Amino acid sequence: MFQRILVANRGEIALRVIRACKELGVEVVAVYSQADRNAPYLKFADRAICIGKAPSVDSYLNIPRIIAAAEVADVQAIHPGYGFLSENPSFAEICRSCSFEFIGPPHEAIRRMGLKTEAKAVAAAAKVQCVPGSDGPVVSDEDALVLARRIGYPVLIKAAAGGGGKGMRVCREEGSLLASLQSARNEADAAFKNSSVYLEKFIDRPRHVEVQILADSHGNVVHLWDRDCSLQRRHQKLVEEAPAPTLPLKVREQLGDAAVRLAKAAGYVNAGTCEFLVDSENNFYFIEVNARIQVEHPVTEMVTGIDLVKQQIRVAAGEPLPFTQNEIKTRGHSFECRINSEDPDHDFRPSAGKITAMRIPGGPGVRWDSHAEVGYSVPPNYDSLVGKLIVHAATRDEAMGTMRRALDELVIEGIHTTIPLHRRIFRNRDFIEGRVDTTWVERVLMPAKTAANAK
Ligand code: MV4
């Protein structure tokens, strides 16, 4: 096992990794930007090193400064958390060439999975069903017109280097295809410096189901079952749950098998996620791989009893997985609410500032993963996650009740948060009965105000 690890991240996930290191008896070095110099979690690390000014490009995205901190602190490994440099193949490669173990997949796997067209090709080779579409990037306008006609409208244009919905365009008829193609290419080029796009059949109102996988460096790959992350707004997830509700066990087993085949074909090591779209008839289609630990990993931890961050560290240290697929069962049901410092009444505008009062819920089946405390100021420079409220109970119904109760106990004052919205969601009939998809928040829960339906 490593003697000392550096955490190249901030906030909630930095604290989550620090906690895992402590439990493993591994020393842990935190890095921070000037905006985070008073962050309370830094005191839990054995050492904290300032790496630069508040803007991410000067700190959490600055590879030379992070490598310098790792050299100074003499660590053996670097955990990238999520976001920032976590899926940057160059960073993973530089870590390894500087003799720091990167606690994540091999850089080759990150690079390959970073291109959705490549990921789909690996999936197809592993006999994993993908959304019907162009096999690879669209090479010309003529190519696009022929392909779209073959796929059938509506089609979705996606950026090969994309993620989070950037560079995505729905196209409903041939007449608008070439203009949509051009605007998708422009957006992709601006966002990812890569204008490559591909086509897919547009799936109507899909659910977003993902499978957690874990692979060691000895060729063992297992899945830790599924999560449903359909409840989102503008590609920002609001609630996640495990297991995916309404999916028959048979389909869940097929999803898990597909994810393992894909991970094996990709030469994947460490923790990762295979994302699928599920249609109204429970057909599932692979769309992309997330080559990192995800924000919503706790719901999987609650139902499987496996600490994913500790497992990431053990696998990176060369240890084999301590369980086989048959030993991984899910027990009960888990929900997570992402509590953001945003004002849902004003288009989710970020609400930075000082937390003046706080009450953290407790009791049976409640977990609170957060770096925030009273007196902590949420800086305006980074994402707005202030905490994750996670519950676990024997059934989905009971977990709903636990979450409603925990949300009612939770108090955060001084900043606007999404807590009132989460309370509404857990009292909503459609949500309670599992009748939601990726368009539901914007379509049903909070339809955009127009002149006609304002007030
Ligand atoms: C789709 C889709 C419908 N049909 N692909 C959005 C971001 C990217 N990760 C994939 N996304 C989608 N791909 C086809 N062929 C609908 C979405 C989508 C979505 C997917 C997952 C979670 C939330 C979403 C919200 C809107 C659209």
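In nm, what is the difference between 0.36 nm times the number of residues separating K53 and S217 and their Cα-Cα distance?
Taking K53 through S217 to full extension adds about 55.4 nm, to one decimal.
Please work out the average accessible area per residue across the chain, using the 1.4 Å probe convention, and give it in Å².
41 Å²
How much accessible area does H416 have with a 1.4 Å probe, in Å² rounded to the nearest 10?
Its heavy atoms expose roughly 100 Å² to the probe.
What is the packing order of peptides 358-367, 311-320, taking the mean over residues of other C-beta atoms within 10 Å and listing the highest first?
The packing order, highest mean first, is 311-320, 358-367.
Can you pull the one-decimal nm distance between simple spin-label points at S90 and L145, each 7 Å off the Cα toward Cβ?
Modelled inter-label distance: 3.8 nm.
Highest mean first, what order results for 79-91, 126-138 on Cβ atoms within 10 Å?
In descending order of packing, they fall as 79-91, 126-138.
Taking a threshold of 20 Å on the Cα-Cα distance, which of the pairs K201/K237; K116/K329; K116/K264; K310/K354; K22/K264; K127/K329 fall above it?
With Cα atoms farther than 20 Å apart: K201/K237; K116/K329; K310/K354; K22/K264; K127/K329.
Beta carbons within 10 angstrom, averaged per residue: use that to sort the peptides 197-203, 33-39, highest first.
Per-residue Cβ counts within 10 Å, averaged per peptide and sorted highest first, yield 197-203, 33-39.
Expected output is a single nm value to one decimal: the length gained when fully extending between H235 and K127, i.e. 0.36 nm times separation in residues minus the C-alpha distance. What is it?
Residue separation times 0.36 nm, minus the Cα-Cα distance, leaves 36.1 nm.
Report, to the nearest whole %, how much of the accessible area of region 4-103 belongs to carbon and sulfur atoms, 1.4 Å probe, protein only.
Of all accessible area on region 4-103, carbon and sulfur atoms account for 49 percent.
Counting only protein heavy atoms and a 1.4 Å probe, tell me what percentage of region 207-454's accessible area is made up of carbon and sulfur.
49 percent
Based on the Cβ-Cβ distance of V72 and I360, what FRET efficiency does E = 1/(1 + (r/R0)^6) give at R0 = 41 Å, to the nearest 0.05?
Working from the Cβ atoms, E equals 0.70.
Sorted by accessible area with a 1.4 angstrom probe, largest first, how do M168, M400 fall?
Output order, biggest surface exposure first: M168, M400.
Based solely on its DSSP helices, what 222 nm [θ] is calculated for the chain when runs of n ≥ 4 H residues each add -39,500 (n - 2.57) and the sum is averaged over all residues, nearest 500 deg cm²/dmol?
Here the helix-only value at 222 nm equals -9000 deg cm²/dmol.
Could you check the simple spin-label distance between K449 and D345, using points 7 Å along Cα→Cβ, in nm with one decimal?
Placing both labels 7 Å beyond Cα along the Cβ direction yields 1.1 nm.
What figure, in Å² to the nearest 10, do you get for the accessible area of K354 with a 1.4 Å probe and non-protein molecules left out?
Roughly 110 Å² of K354 is accessible to a 1.4 Å probe.
The values are calculated or read from the model by the stated rules, or taken from the named source; none is laboratory data. The model shown is predicted, which means the values in this text are computed figures rather than measured ones. FYI the Cβ positions are ideal-geometry reconstructions off the backbone, even for glycines, and counts take in every protein chain you see. Note: accessible area is taken over every heavy atom of the protein model, side chains too, but ligands, DNA and RNA are not part of it. Shrake-Rupley method; radii C 1.70, N 1.55, O 1.52, S 1.80 Å.
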